[in-house]
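Beneath this line is the structure, given in C-alpha cells, with notes to follow.
Readers should treat all values here as calculations from the given coordinates under stated rules, not as data from a laboratory. Every value quoted in this text rests on a predicted model; they were computed, and no experiment measured them. Because the Cβ atoms are built from the backbone with ideal geometry, glycine has one as well, and the counts that use them run over all protein chains shown.
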Amino acid sequence: MATFAPTGRPALTVGQAVALTLLRDGYTQRAIRTRTGVVPDELYPLATLCGITAPHGTSEGHACHEARGENSCGPCETAQARADARARAQQRKTIPPALRARLLTGARRKAVIR
C-alpha cells in the first residue's frame, strides 16, 4: 500500500475511502462490505491507521477498540456481547428439533451391533 508523503497516511482507493466514511457514519460491517467490497480484516486496521472510529455502543466500535489494541468501553462491550448472543441463538435455530430434544435430555444413541 502506497503512502501519501505529506501526511504519512496510506493512500486509499475509492472503495476504502467510502468504507471508512460509512464506518464513521455508523453503518454495519455487513452493509459496508456489501457496498464497497472492503472486508473487515482490511477495514479495521485501515481505520486505525487513518484515525477513524465507529460510533461507541456498536459491535463495529468494539472491533475498532480491538484493532487499536485497547480495552473496549462499556457500551461497546455490551453491544458485542449482544451480537455474540444473537449469533449463538441463530446457531441454535439451525439444529434440527429432534436432535435438539435429544441433546437437551442427554439421551445417547444406542450402539448398533452388526
Within the range 53-95, residues closer than 22 Å to Glu42 by Cα, touching a residue at least 12 places away in the same chain (Cβ under 8 Å) and among the polar types (S, T, N, Q) come out as Thr53, Thr58, Ser59, Gln80
Every listed condition ((1) under 26 Å from Ala11 (Cβ atoms); (2) within 14 Å of the chain's Cα centre (by Cα)) holds for Ser59 save (1)
